[in-house]
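Working notes for the structure below.
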Amino acid sequence: MNKKHYNWEDVHKTAAHIALQMYKDNWRPDYIVGITRGGMPLAVILSHMLDIPCNALKVSLRDDDRESESNCWMAEDAFGYLQAYDRDGIFEKSTNHPDKKKNILIVDDINDTGATFNWIKEDWQSSCLPAEQAWNTVWHNNVKFATITDNLASKFNNKVDYTVHEINKAEEDIWLVYPYEYD
């Protein structure tokens, strides 16, 4: 198996390249979501570089470690979901307000199998007005995905919006080592 090592300079260059891609797209997130563990270093660098708030989301689907947290409030931000109350302050209904949608950048070090990003899409949509057709306009418009490396053989339902390095693990047996990992 071949190994590809990334160093901190590579990660910083990736952040600058992703920021440039977003600038060219005329798209700016309201906040950045780093996937723990691997997405946090790039998310924090982007957060500092762009002066944009950063949050964390735990999605751990690797090695049968199915520990993940649902963050419905992020889905509500992406969707523009607001709760409506009647005159007495009693909850009446939930509504979609397209002008209230937030732009969110979800960051991980690699889109390897696609399971993490697919889980987020399914979780967010199912936790916030799951039958609403407007979700089709949220993904890749209000919510975008960024990685250091994109595996072209991944099963992610859509493409990664911002990435710098591409590999194809179906064609090449390669192990990626990022600077925050043990070799």
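Which of the residues that make up the stretch 34-61 are buried (at least 17 other Cβ atoms within 10 Å of the Cβ), of a type outside the set (A, V, I, L, M, F, W, C) and either touching a residue at least 40 places away in the same chain (Cβ under 8 Å) or in contact with a Ser or Thr (Cβ under 7 Å, 6 or more places away or on another chain) (or both)?
GLY34, GLY38, GLY39, PRO41
Looking at (1) surrounded by 19 or more Cβ atoms within 10 Å (Cβ to Cβ); (2) more than 30 Å from ASP173 (Cβ to Cβ); (3) touching a Ser or Thr at 6+ places or on another chain (Cβ under 7 Å), which is the one condition that is false for TRP124?
(3)
Hey, among the residues in the stretch 127-154 that are in a helix (DSSP H, G or I) and of a type outside the set (A, V, I, L, M, F, W, C), which one's surrounded by the fewest Cβ atoms within 10 Å (Cβ to Cβ)?
ASN136
Just for the stretch 155-167: of the residues that are surrounded by 14 or more Cβ atoms within 10 Å (Cβ to Cβ) and in a loop (DSSP other than H, G, I, E, B), which one is farthest from the chain's Cα centre (by Cα)?
Here the answer is VAL164.
Exactly one condition in (1) of a type in the set (Phe, Trp, Tyr); (2) under 16 Å from TYR180 (Cβ atoms); (3) surrounded by 13 or more Cβ atoms within 10 Å (Cβ to Cβ) is false for TRP27; which is it?
(2)
Select from the stretch 1-33 the residues that are part of a helix (DSSP H, G or I) and either charged (D, E, K, R) or free of Cβ contacts under 8 Å to residues at least 24 places away in the same chain (or both) and list them in ascending order.
Answer for the stretch 1-33, where residues must be part of a helix (DSSP H, G or I) and either charged (D, E, K, R) or free of Cβ contacts under 8 Å to residues at least 24 places away in the same chain (or both): GLU9, ASP10, LYS13, LEU20, TYR23, LYS24, ASP25.
Just for the stretch 168-182: of the residues that are part of a loop (DSSP other than H, G, I, E, B) and over 22 Å from the mean Cα position of the chain (by Cα), which one is nearest to ASP112 (Cα to Cα)?
ALA170
Here, each number is a calculation from the coordinates, and none is a lab measurement. Just so you know, these numbers come straight off a predicted model, no measurement behind them. With ideal geometry, Cβ positions are generated from the backbone for all residues, glycine too; neighbour counts draw on all protein chains shown.
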